[in-house]
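The values are calculated or read from the model by the stated rules, or taken from the named source; none is laboratory data. Predicted model only: the values in this text are computed from it and were never measured. For neighbour counting, all protein chains shown are included, and Cβ atoms are generated from backbone atoms with ideal geometry for every residue, glycine included. Heads up: the accessible areas ignore ligands, DNA and RNA and are worked out on the full protein's heavy atoms, side chains in. Shrake-Rupley method; radii C 1.70, N 1.55, O 1.52, S 1.80 Å.
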Amino acid sequence: MPHSYGYRARTRHLFKKEFKTKGLPHISTYLHTYQIGDLVDVKADPSIQRGMPHKFYHGKTGVVFNVTPRAVGVIIRKIVGNRYLEKRVNVRIEHVRHSACRKEFLGRVKVNAKILADAKAAGEKPKYKRAPQQPREGHVISVVDNLPQTLRPLPFETTI
């Protein structure tokens, strides 16, 4: 068979809906509000062909630069040769969703602001460094009124 170079060539598994998610998108998909500057993830919905992005942009994160009634314009950085190009892609809202890539960072900003306020109140230098969970403190277990118990497996019994 001849090799195809179509717009959706080699997307058999890429544009596939997951199990039990077939059909049209939910109404809540259309009720999300997007503003200029929002970070969005481009994920093509194969049940809606209109306004679908090219397969290259599937799974990429970009910044909204334009908002229209049914679509958003997204700036996505693409590596071309040895440089990055800013590609402007117009995508319908069925194919984008708000990105969670900055959620942890914004949470850390709030925590650091609280640490700074507490340190200023105490007159100390703030400590922002995150430390891994330390091992539990050592302790002594008394055997008074706490006799050791021997654990062994239960014998197998057939109940026929």
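Quick notes
- If the condition is being in a loop (DSSP other than H, G, I, E, B) and open to solvent by less than 90 Å² (accessible area, probe 1.4 Å), then region 116-132 contributes 123, 126, 131.
- Residue match in region 72-94 (condition: under 22 Å from the mean Cα position of the chain (by Cα) and part of a helix (DSSP H, G or I)): yes
- Test: residue in region 19-34 that is touching a helix residue (DSSP H, G or I) at 6+ places or on another chain (Cβ under 7 Å) and on the phi > 0 side of the Ramachandran plot: no
- Selection from region 1-55 of residues that are farther than 20 Å from residue 66 by Cβ, outside any loop (DSSP other than H, G, I, E, B) and in contact with a Phe, Trp or Tyr (Cβ under 8 Å, 6 or more places away or on another chain): 55
- Across region 56-115, the qualifying residues are those that are acidic (Asp, Glu) and either open to solvent by less than 40 Å² (accessible area, probe 1.4 Å) or modelled with pLDDT under 95 (or both), and the one among them that is farthest from residue 126 (Cα to Cα) is 94.
- Restricting attention to region 24-34, the residues being in contact with a Ser or Thr (Cβ under 7 Å, 6 or more places away or on another chain) and either at pLDDT 95 or above or farther than 19 Å from residue 53 by Cα (or both) number 0.
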